[in-house]
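Trainee: Starting off with a structure, shown below.
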Amino acid sequence: MNWGDVRAFFQTKSPWAVWVNACSCDGCDTELLPLFTPYLDVERFGILLKGSPRHGDILFVTGPVNYNTAPILRRVYEQMPEPKVVVASGSCACSGGAFRDCFNIIGGVDKVIPVDVYVPGCPHRPDGVIHAAVQALGILAEKSRRYGKKVACV
């Protein structure tokens, strides 16, 4: 087993998540929070919430992106090691939502960083985010295999 296979195994079995509130009304945050509590418990999939983006594999973002949060969101994304998966949670994170016509809103998360999984809804349903987390695990596994092969060839 080479280093790429070992890395891919652990990233897909125990990925660490980072959560960024980009400027939301906290509706999506109140729906996302139960995922990391015993009530819905995404830890059964191996996903752990961490405070540092330098250790993150999956980035959950809620809320529309404004001009103040755009550089912060970009910096958090750049601090995460490859491979990484971004999940836009809620209508505001997907497209700007109800705030998209405000003067200070840039739009959805994909206006600033690439997004892998979208979870629509205002607020989104917790089971939708669980489904997105499972999708993110599959995307992370695929990216880990590609990333691992690149490392093995160097």
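Trainee: Counting only pairs 8 or more residues apart or on different chains, how many lysine pairs in region 42-154 have their Cα atoms under 20 Å apart?
Mentor: Within region 42-154, the lysine pair count is 5.
Trainee: Once amide H atoms are placed 1.01 Å from N in the peptide plane, what residues at a sequence separation of 5 or more from V85, or on another chain, have their amide H within under 5 Å of its amide H?
Mentor: I58, L59
Trainee: Convex hull volume of the Cα atoms in region 3-153, per residue, in Å³?
Mentor: With only Cα atoms used, region 3-153 gives 90 Å³ per residue.
Trainee: What residue among S95, A133, I105 has its Cα farthest toward the positive end of the dipole of region 3-153, where the charges are +1 on Lys, Arg and -1 on Asp, Glu, each on the Cβ?
Mentor: A133
Trainee: Then there is this: So if we plug the beta-carbon distance of C122 and C102 into 1/(1 + (r/R0)^6) with R0 = 22 Å, what FRET efficiency do we get, rounded to 0.05?
Mentor: It comes to 0.90.
Trainee: Can you list which of the chymotrypsin sites (Phe, Trp or Tyr not before Pro) found in region 72-154 are DSSP loop residues with at most 13 other C-beta atoms within 10 Å? Write down the numbers at each step before the final one.
Mentor: Values: sites: Y77, F99, F103, Y118, Y147; in loops: F103.
Filter output for region 72-154: F103.
Since every read-out is calculated from the coordinates, none of them should be taken as a lab result. What you see is a predicted model, and the numbers here were worked out from it, not measured in a lab. All Cβ positions, glycine included, derive from the backbone under ideal geometry; neighbour counts span all protein chains shown.
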